[in-house]
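To start, the structure itself, in C-alpha cells.
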Amino acid sequence: MVSVVHSVAAQSDLTHSLQTLCDGLSPSEKEKLRRAAEFAQSVYADRILGSGEGVWQHALGMALILVGLKLDAESRIAALLFAVPTYDEQGIAQVDERFGAAVAHLVGGVSRLNSLRPVARGFVAYSLENKDRDPIELRAQIEILRKMLLAMVEDIRVVLLRLASRTQTLRYYATVRDDLRVQVAHETLDLYSPLANRLGVWELKWELEDLSFRFIHPDLYKKIADHLDQTRVEREQFITEAVASLTRELATVGIKDAEIYGRPKHIYSIWNKMRKKGVEFAEVYDVRALRVIVDDVKDCYTALGIVHNMWSPIPKEFDDYISQPKDNDYRSLHTAVYCPDGRSLEVQIRTREMHKNSELGVAAHWRYKEGKKKSSDGSYDDKIAWLRQLLTWKDEVTDSSTWVKHYKDAAFDEMIYVMTPQGRVVDLPRGSTPVDFAYRVHTDLGHRCRGAKVNGVMVSLNTPLETGQQVEIIVTKQGGPSRDWLNSLLGYLNTQRARAKVRLWFSSRALEQTLADGRTIVNRELQRLGATGTKIDELATKLGFAKSDDLFIAVARTELNLRQLQTAVRGSDAQEADRPAKAAPVRKRKTSDTSEKGILIVGVDKLLTQLADCCKPAPPDPIIGFVTRGKGVSIHRASCSNLANMVAMHPERVIETGWGSHTEGVFAVDIVVDAHDRQGLLRDVSEVMTREKMNVVAVSTLSKQGMAHMNFTAEIDNLGQLTRTLAQLQEVSGVIDARRA
C-alpha cells in the first residue's frame, strides 16, 4: 500500500514543498529538481488551466502526490514540467536539453495522454445521455478507453502521472464550486479510479472515488459522512478493543503471529454496498471490519471458529472462498457477526500468501471489485499483475535504472486504439490499416472505402495505424472492395475479420452470377421444351427445392442435370416415353441405367438419382442408394458416416445400387492437403492437379502458426486419376499429408 502526501496543505509553503519533493533523492537529483521548479515557474507564470486552477499549483500538487508514491526523481521532475509543451512549441526539446531524454520522454507521454481528454469527456457525455440504452456497449467502450490510456504510453509511470494529475484536479474542485466538476467526476469513476485499482494505488483509488461521489451525489455523501463522523471515536475504540480481544483468543490456541488490523471503509464503498443490497447505513455489515492474516490454511479455519465463538454469526453472511475460490482465484474467508452492542462486524481471514496474491493481482482482485469475468486471454491480466507487483517491489529495488527498465518492459503493445471522428474508440491488432478500421466500424463502410484521412491528412489505404490517431474513411456511394486488398504482399488488410468480409463479398457476387446463369439455362430449356408457361416455384418444389433460386443454382452448378429437369417438366408422360419398348412386363431383378453417370438401381426402372455432396462417390467406390423425399435416390459411398446415420433412422429407405458397365462424365471429389506454409505452396499444388488434367472447381486455404490446411474440390474421370494425383502431391516440398476427404 502507498501513502500519499496531501498536496493542498503542503503547497502553502514553497520552501517546505521543495524539501518534501526532494525526500529520498541524491544531492544531484535535488539540484536538478530545484532547477526544474524554477524553469516550470518561469514558463507557467500566471497561466490558468481549464479547471480554473493555476498551472504551477497543479504541477506542484502532482509532484507531491508522486512523492507519496515514492516515485523517482525523473517522475517528480516530469510532473513539474507536464504542461511545458502546451505553452512552448519547442517545449519537449527544451526539456530534453535541460533535464535529459528520460524526463522529456515522460513529459511527451503525458502530452499524448492529454489528447485523450476530449475523447473521454465526449464519451462520458454520450454515456450519460444513453445510460439506459445499451449498457453492454457502454461498458465495452469504457474498457477500451482504459486500455487505450495504458496503450498510449511506453512507460507506465506516465499513467501514474496522469492519475496524480486527476487526483490533484479533484482536490482543487473540492475547494471551489464549478459546473464542470460533475462531468469530471463521472469520467473519473469510469476511467481513472478503476486504473488506480488495477495498478494497486489504493490511496489514490479511494480518494478519487470519494471525491467523485461527493461531487455527483453531495447529499448522499454528506449523509454517509455524518453517520461516520457520529460514530468515528466509538468505532475506532471498538476496533482497538476487538483487535486486542481477538489477539488474546488466538494466542490461547497457539496462533501468536497473527496480523490483525481494522480495515477502513470509504464513503463511496459504503454507498455501493447500500445500493447493491438495497439496505440502509445501519445494515451495512462491513462499516466496522477486521482483517486477520495468519500463517497457513489450518489457522484460517481455527481463527474462524474463534471469531464465531466470540461473536454471533449473521446468517447467510459467511463465504468460504478458500475451499471454493472465486473465478479469478481470489481466496479468503469472509464472515459477518453481531457484537454485544448489537452492531455488525465484518471479518476477513486469509493466509499471508493469499493476502499477497489478492494485493498484487495474482488473484486479479480488481476483477472482483469491478464485477468482471476471467479473460479468455490472460496476457492482459498478466501485465496488470506485473505492474501491480512493481508498485510493491519498488522499495526493494536499490538500482533505480533496473526499476525503470521493469516499467518499460511492461508496455502494452499487442493492440492499438484509434478514434472515429465522432470520438468512438476502436481497438485493433497492431499493424492494422485504414481498411481494417473501416471493416471494424461497419461492414458497409469497409466495402465502400476508397480513401482515408489520419489526423486530417490523406494517407494510402495500406498505411499502418498507431494508437491515439483519429481516422476518417472516405467512401463512395456504391461499389465494393478491390481484389487487391486480398493480396497479402500489398498490405491492405491485416485482420482476419476484414479478410473474411472481403472474401464473403466476392463470394456473394459469384453467387449472384451463378444464380443468373442458372436462370438463363432453365429458361432456355423451358423454351426448347415448349413449356414456357411452367410455374418455376412449383417446378422447384417438385424437384425438392425450397425456392426457385435454389433450383437455378443447382442447375448452374450441374448438381441437377438437364435430363432430370426435363423429366420433371414432362411429368408422367415423359417417364412413359422414356421407358424401353421391349422391357419385360415383370422381372424379379431388373436394373435400369437411370443416370448420366451410369448408376444402376436394382429393382427399379427409371428413377431420379443424384450423387451425395457429403462423400462425393466416384467409380469404382462401393455405393449405396438412399431414397430421399422429393429428390429421388441419393447415392453415397458405402463408408459415408452421414449415410450410416440415415440408415440407422430409416433402414427401409436403403436401396441396392451399383455402377453400370460404363460410366460417363466427371465426378467431384474433395482433396485435403496439410503442409508447412511457405511462399509458392498453393502454386506448386495447383501445378500437380493441372498436369493430371483435373478441373478444380473450389478451393479454400487456412494458414495458422506456420501450417497450411487446404481443401480442393476437383473433377476426375476415375479413381486412378485421383490416386496418381495424391501420390504426386505427397512429393511436393513441405506437404505433410494429401488425402481424399
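Of the listed pairs LYS32/LYS205; LYS273/LYS316; LYS547/LYS631, which have alpha-carbon separations greater than 19 Å here? Beyond 19 Å: LYS32/LYS205. Considering every alpha-carbon pair of segment 448-528, the percent of pairs per 5 Å bin, from zero through the bin containing the longest distance, is 3, 12, 16, 19, 15, 9, 7, 6, 5, 4, 2, 1, 0, 0. Over the C-alpha atoms of segment 495-579, the Rg to Rh ratio, Rh being the Kirkwood estimate, stands at 1.14. Among ARG499, ARG653, ARG450, the order by Cβ neighbours within 10 angstrom, fewest to most, reads ARG450, ARG653, ARG499. Of the peptides 472-480, 707-715, 551-559, 185-193, the ranking by mean beta-carbon count within 10 Å, highest at the top, reads 185-193, 551-559, 707-715, 472-480. Neighbour counting of Cβ atoms within 10 Å sorts the residues VAL425, VAL347, fewest neighbours leading, into VAL425, VAL347. Under 10 °C and 1.306 mPa s, how fast does segment 667-740 diffuse according to Stokes-Einstein, given a Kirkwood radius computed over C-alpha pairs? Answer in µm²/s, whole number. Answer, rounded: 131 µm²/s. For segment 613-741, the calculated P(r) over all alpha carbon pairs, in 5 Å bins from 0 to the bin holding the longest distance, is 2, 10, 19, 19, 15, 13, 10, 7, 4, 1, 0 percent.
Values quoted throughout were computed directly from the atomic coordinates according to the rules given, and no laboratory measurement underlies them. Every value quoted in this text rests on a predicted model; they were computed, and no experiment measured them. Quick reminder, even Gly has a Cβ in these numbers, built from the backbone with ideal geometry, and neighbours come from all protein chains shown.
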